[in-house]
Amino acid sequence: MRATPPSSLPEAKTMPHDDLIETQALDWAVRAGDPEFADWEAFTRWLDESPRHAAAYDRASAAVADAAELIAAHAPMPAANDDPGTVTRPFDRRRWFVGAMAASLALVVGIGLWRGQTDRYIIVADPGTMRTASLADGGSVALSGGTRLELDRHDPRYARLLAGQALFTVRHDAAHPFEVRVGDDRLVDAGTVFDVTLNGSGMRVAVSEGLVVFNPDQQQVSIEPGHALSREAGSDVYALSEIAPAQVGEWRSGRLTFEAATPAQVAADLTRLTGIAYAAAPGAERRVSGSIVIDPLRPDPAALGPLLGLTVREEGGRWMIEAD
């Protein structure tokens with residue numbers, strides 16, 4: 001499948017599916033196994049960055065341990081030389097360990113290559129830009145700024161939103177419905193135009209045409225046109241709300257509408273669309289509602305204040321949003 005952006009937009013960036021996380025996990029698994037490893041603070045920070053890091057590390061460490069065991073079984077540590085007439089160098093246990101782990105790493109990587117490379121890839125829209133990709137089955141997806149979306153070259157009916165916001169326009173196929181993964185959730189279409197957002201605050205899907213089924217194997221919630229489903233990060237509770245169909249994907253025309261949004265949500269959406277660093281000031285929690293046009297904010301980020309009844313000030317290179 002190809003992702004073909006229109007010539008009027010910047011070209012999409014591509015990168016392998018989760019290869020970076022898997023590579024980092026494999027590196028940590030090898031390094032942490034070294035008896036002289038001491039960088040535990042950096043290792044802990046990396047683990048805490050995402051639950052996916054810990055899961056990848058568990059897989060990598062198990063694979064490295066298995067490979068090391070296999071290497072040791074076929075190339076055991078040298079035995080002491082009891083021949084007094086033979087001059088030998090002292091056995092360097094750590095050198096042997098490093099060599100064995102290097103061989104283990106090569107074995108693990110070799111197994112991964114033998115199993116074949118993934119057909120999935122990622123398209124990216126930088127903050128302040130927009131992307132449009134054509135899907136091989138005739139559909140399309142528009143990416144808001146600061147969005148990362150995973151697609152599959154051999155399965156045009158699959159997508160995973162890794163971060164940001166994307167508007168899907170898909171052709172319905174009852175035999176092979178289009179599926180979007182959003183974190184641990186699944187969205188399955190029934191002939192649909194729908195908008196999906198994933199950020200630090202949680203996930204949200206809004207439908208303007210057709211029907212989307214939220215987690216068909218679990219909650220089985222049908223989201224009809226003019227409705228949105230949202231769930232806060234770390235929560236199992238979801239909420240349904242109404243939305244004007246015309247507001248679904250309106251960011252493509254440079255407009256954003258907020259309905260009882262937190263300052264943090266406002267800041268995240270504006271940063272993504274404008275490329276300007278907005279942030280919520282500590283303690284800013286009052287919900288915000290209103291509709292704004294994005295373009296006037298580019299030359300004057302503080303113009304957001306009177307538009308939404310907020311106080312906006314510059315601090316440390318960021319525009320801090322305070323709810324009065």
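The values are calculated or read from the model by the stated rules, or taken from the named source; none is laboratory data. Since we're looking at a predicted model, the values are computed, not measured. Here Cβ is always computed from backbone atoms with ideal geometry, including for glycine, and neighbour counts include all displayed protein chains.
Flag: R272 does not match the condition of being touching a strand residue (DSSP E or B) at 6+ places or on another chain (Cβ under 9 Å), touching a residue at least 12 places away in the same chain (Cβ under 8 Å), more than 28 Å from R181 (Cα to Cα) and not polar (S, T, N, Q). Within region 232-287, restricting attention to residues that are within 19 Å of the chain's Cα centre (by Cα) and in the same structural domain as T169 (by TED's automatic domain parsing), the residue that is surrounded by the fewest Cβ atoms within 10 Å (Cβ to Cβ) is G234. Elements of the type strands (runs of 3 or more DSSP E) sitting completely within region 248-324 and holding at least 2 residues that are among the aliphatic types (A, V, I, L, M) and under 25 Å from I223 (Cβ atoms): these cover 255-261.
What are the residues in region 207-220 that are closer than 15 Å to R181 by Cα and aliphatic (A, V, I, L, M), if any? Across region 207-220, the qualifying residues are V212, V213.
Once region 144-164 is narrowed to residues that are touching a residue at least 60 places away in the same chain (Cβ under 8 Å) and under 17 Å from the mean Cα position of the chain (by Cα), the residue that is surrounded by the most Cβ atoms within 10 Å (Cβ to Cβ) is T147. Of everything in region 189-231 that's over 23 Å from the mean Cα position of the chain (by Cα) and assigned to a strand (DSSP E or B), which residue is nearest to W251 (Cα to Cα)? This residue is S208. Of everything in region 169-188, what is more than 17 Å from G146 (Cβ to Cβ) and either part of a loop (DSSP other than H, G, I, E, B) or touching a Gly at 6+ places or on another chain (Cβ under 7 Å) (or both)? Give them in sequence order. Result: T169, V170, R171, H172, D173, A174, A175, H176, P177, F178, D184.
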